[in-house]
Amino acid sequence: MRPLTLDEKALSKAAKQRANKQLQAQRRKIGVRIRDVKGEPVILEIEGRSITLNYEMLRRFIRSLKNRHWNMSLDISTGSSVLVISHHIDLWSKDRGYIELYDLPAYQKELLTELPVIEIERN
């Protein structure tokens, strides 16, 4: 996983600030607890499918899988996008598992505009 470039970070930060400002106005207007956008939101694209998520959190998970083999796939069969990261030590080991990262909530996604698109190519 590569780090975000300075341009991508700037786009992500600006989109997050705009969205959080609009969410704050909505909280004042309706008085309901709405969560702010956290981290570095990006649009992650794998094989033509996309998911909007916190790239900072994704990189943290990938770094925690040090010395493990891992594979990413995007599942959209449930209606919302889910990024599934399966990991294992070696092919014959029983030490394996998976991590599921879900799409950002709809109320956050609709406010996040002009996000950087990160393309992941599968090997």
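Some points to look at:
- Sorting 70, 92 on solvent-accessible area from highest to lowest, probe radius 1.4 Å, gives 92, 70.
- Heavy-atom accessible surface of the chain: percent carbon and sulfur, 1.4 Å: 50
- Between the labelled values (i) 39, 22, 12; (ii) 30, 16, 13; (iii) 32, 14, 12, the entry that holds semi-axes √(5λ) of the Cα gyration tensor in Å as derived from this structure is (ii).
- Average accessible surface area per residue within the stretch 6-119, 1.4 Å rolling probe, Å²: 66
- Cleavage-rule hits (GluC sites (Glu not before Pro)) in the stretch 3-54: DSSP loop, at most 11 neighbouring Cβ within 10 angstrom: 47
- Extended-chain gain in nm, criterion 0.36 nm per residue less alpha-carbon gap, residue 70 and residue 49: 5.6 nm
- Considering only 89, 23, 44, and ranking their Cα positions along the charge dipole of the stretch 18-93 that arises from unit charges at the beta-carbon of Lys, Arg, Asp and Glu, the one farthest toward the positive end is 23.
- Exposed trypsin sites (Lys or Arg not before Pro) absent - longest run of the chain, DSSP non-H/G/I/E/B, at most 16 other C-beta within 10 Å: 1-32
- When the helices of the chain are scored as -39500 (n - 2.57) per DSSP H run of n ≥ 4 and the total is divided over every residue, the value at 222 nm lands at -10000 deg cm²/dmol.
- The stretch between residue 82 and residue 95, if pulled fully straight at 0.36 nm per residue, gains 2.4 nm over its current Cα-Cα span.
- Extending 7 Å from the Cα toward the beta-carbon at both residue 26 and residue 61 defines two label points whose distance is 2.3 nm.
- Charged side chains reduced to their Cβ positions (Lys and Arg at +1, Asp and Glu at -1) give the chain a dipole of some 740 debye around its Cα centre.
The values are calculated or read from the model by the stated rules, or taken from the named source; none is laboratory data. Bear in mind that the values here come from a model prediction, so they are computed numbers and not experimental data. As a convention, Cβ positions derive from the backbone with ideal geometry for all residues, glycine included, and neighbour counts pool all protein chains shown. For accessibility, only protein heavy atoms count, side chains too; no ligands or nucleic acids. Shrake-Rupley method; radii C 1.70, N 1.55, O 1.52, S 1.80 Å.
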